[in-house]
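Down below is the structure, laid out as structure tokens.
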Amino acid sequence: TEIYTEGRVRFDAGSDGVQLVSSAWNYNPMRLGAYYLWVDATGDLRIKSGAPASDTDGTVVGTQT
């Protein structure tokens, strides 16, 4: 059951938790403490301490297959 929606972020009461319906470094990266997480244009998950300055800023997280 969807319990809250704002823009492109959806919070679900079910097992889905928090979903970023559309992710982009300059629209709605997920912030966890000082770190930002987002999916770049090629589909890679990225992380950076501090706000990203571009889509390819930060580090690709792990091996993505």
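Descriptive notes on the structure:
- Within the range 28-39, the residues that satisfy the criterion of being open to solvent by less than 50 Å² (accessible area, probe 1.4 Å) and over 14 Å from Gly62 (Cβ atoms) are Asn28, Pro29, Tyr36, Trp38.
- Elements of type strands (runs of 3 or more DSSP E) contained in the chain, each with 2 or more residues being at pLDDT below 70: 2-6, 9-12, 18-20
The values are calculated or read from the model by the stated rules, or taken from the named source; none is laboratory data. In this text, all values refer to a predicted model and were calculated from it rather than measured experimentally. Every residue, glycine as well, gets a Cβ built from its backbone with ideal geometry; the counts of neighbours run over all protein chains shown. The protein model used for the area step is the full one, side chains on, heavy atoms only, and it has no ligands, DNA or RNA in it. Shrake-Rupley method; radii C 1.70, N 1.55, O 1.52, S 1.80 Å.
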